[in-house]
Amino acid sequence: MRFLVTGGAGFLGAALANRLAHSGHEVIVLDDLSSGNAAYLDTAVTFHQGDVDDVPRLWSLLQGVDCVYHLAARVSVAQSIHYPRDYTRVNVGGTVSLMEAMRDTGVRRVVFTSSGAVYGRLPEQPVHENDAPQPDSPYAVSKWAAEQYIHTIGQLWEIETVALRIFNAYGPRQSLPASHAPVVPRFLQQVLTGGSVVIFGDGQQTRDYVYVKDVVEALIAAATAVNINRQVINIGSGVETNLNDLVNQMEIVTGRSVNRLYNGEKSGGVPRLVADISRAQALLGFRPQTNLAAGLRLMLQEDERFRRLVG
């Protein structure tokens with residue numbers, strides 16, 4: 001098959017693009033490199049630097065494409081609070097531009113990566129796709145809005161659409177920006193460098209950590225699965241882990257003790273969030289293969305940044 005992966009030089013996008021290329025598919029990547037790295041892409045992947053809002057560029061890249069993976073997005077919850085307009089422009093506006101270009105070029109399926117963040121603060125866990133979202137950040141709102149756009153436009157223009165709500169994905173080569181870095185690589189780096197791990201709140205807030213290769217398998221299944229048109233599907237591990245237990249696991253896999261600093265003055269986010277993955281199991285045959293301990297060990301082995309620190 002011939003695929004276009006928007007945001008394909010990012011953490012998830014590069015893992016997906018490389019996996020598709022290794023399976024013999026033709027893969028085209030579009031990424032503006034605001035957070036991605038084209039060096040992570042296999043030489044078999046065709047890379048184009050550009051904006052997902054550039055419709056003429058999309059017209060040229062979509063020729064002969066069988067399926068689009070739409071991963072291009074701004075992804076920081078904290079940053080979105082300061083720059084909501086930018087998150088709306090890229091995450092919502094870019095999605096609408098892509099759908100228009102797909103209509104114009106006759107591409108008939110898109111797999112959209114949404115986020116578990118759309119659920120917000122729900123009292124009942126695990127969260128199910130039928131639960132009413134309560135997004136509590138501009139990032140979460142932008143992902144939820146993009147879901148509505150792809151499904152509505154898809155129905156109007158006869159484009160097959162599926163949205164995968166990805167929970168806390170982690171793995172090798174995950175971005176480590178100076179501010180607002182994802183929790184798993186940030187904590188792991190602090191553990192390996194002997195620094196203190198700063199935990200907001202009491203560390204009892206829970207998340208669903210899912211290994212990158214498991215997410216990629218779900219994405220690949222969604223390109224050809226039947227009876228998933230207009231579906232929203234949770235992609236997580238289905239396992240609820242609090243921050244204290246996450247640090248405990250890091251101590252075990254690294255063999256190092258950690259100094260924990262608790263900051264009760266800053267919110268640790270929603271108190272609980274874990275995915276009900278029964279729909280993914282039924283529609284995609286999704287079965288996560290990598291538990292948290294194994295995933296952390298793979299990060300130490302496969303990510304050069306951490307391998308150097310382990311020594």
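The values are calculated or read from the model by the stated rules, or taken from the named source; none is laboratory data. What you see is a predicted model; the values in this text were computed from it and never measured. Virtual Cβ from ideal backbone geometry, glycine too; neighbours counted across all protein chains shown.
Rundown of residues vs (1) of a type outside the set (Ser, Thr, Tyr); (2) farther than 24 Å from Ala181 by Cα; (3) surrounded by fewer than 22 Cβ atoms within 10 Å (Cβ to Cβ), yes/no style:
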residue	(1), (2), (3)
Arg19	yes, yes, yes
Gly24	yes, yes, yes
Asp32	yes, no, yes
Asp54	yes, yes, yes
Arg57	yes, yes, yes
Asp66	yes, yes, yes
Ala72	yes, no, no
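To keep it simple, each residue is scored yes or no on (1) aliphatic (A, V, I, L, M); (2) within 21 Å of Gly171 (Cβ to Cβ).
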{"residue": "Arg260", "(1), (2)": "no, no"}
{"residue": "Glu265", "(1), (2)": "no, no"}
{"residue": "Val270", "(1), (2)": "yes, no"}
{"residue": "Leu273", "(1), (2)": "yes, yes"}
{"residue": "Ala280", "(1), (2)": "yes, yes"}
{"residue": "Leu283", "(1), (2)": "yes, no"}
{"residue": "Asn291", "(1), (2)": "no, yes"}
{"residue": "Leu298", "(1), (2)": "yes, yes"}
{"residue": "Glu302", "(1), (2)": "no, yes"}
Exactly one condition in (1) out of contact with any Phe, Trp or Tyr (no Cβ under 7 Å at 6 or more places or on another chain); (2) modelled with pLDDT of 95 or more is false for Tyr209; which is it?
(1)
Considering only region 101-111, I want to know if a residue exists there that is assigned to a strand (DSSP E or B) and either in contact with a Leu (Cβ under 7 Å, 6 or more places away or on another chain) or not β-branched (Val, Ile, Thr) (or both).
yes
What about Ser196, is it surrounded by fewer than 19 Cβ atoms within 10 Å (Cβ to Cβ) and within 20 Å of Leu292 (Cα to Cα)?
no
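Test Val75 against the criterion of being closer than 21 Å to Ile159 by Cβ and β-branched (Val, Ile, Thr), and give yes or no.
Details: closer than 21 Å to Ile159 by Cβ: no; β-branched (Val, Ile, Thr): yes.
Criteria not met by Val75.
Among what's in region 153-178 and is aliphatic (A, V, I, L, M) and more than 17 Å from Glu217 (Cα to Cα), pick the residue that is surrounded by the fewest Cβ atoms within 10 Å (Cβ to Cβ). First the steps, then the outcome.
So the first thing to find is which residues in region 153-178 are aliphatic (A, V, I, L, M), and the list is 153, 156, 159, 162-164, 166, 169, 176, 178.
Still in the running and more than 17 Å from Glu217 (Cα to Cα): 153, 156, 159, 176, 178.
Numbers: Ile153: 19, Leu156: 10, Ile159: 20, Leu176: 13, Ala178: 5.
Once the filter is applied, the top-ranked residue is Ala178.
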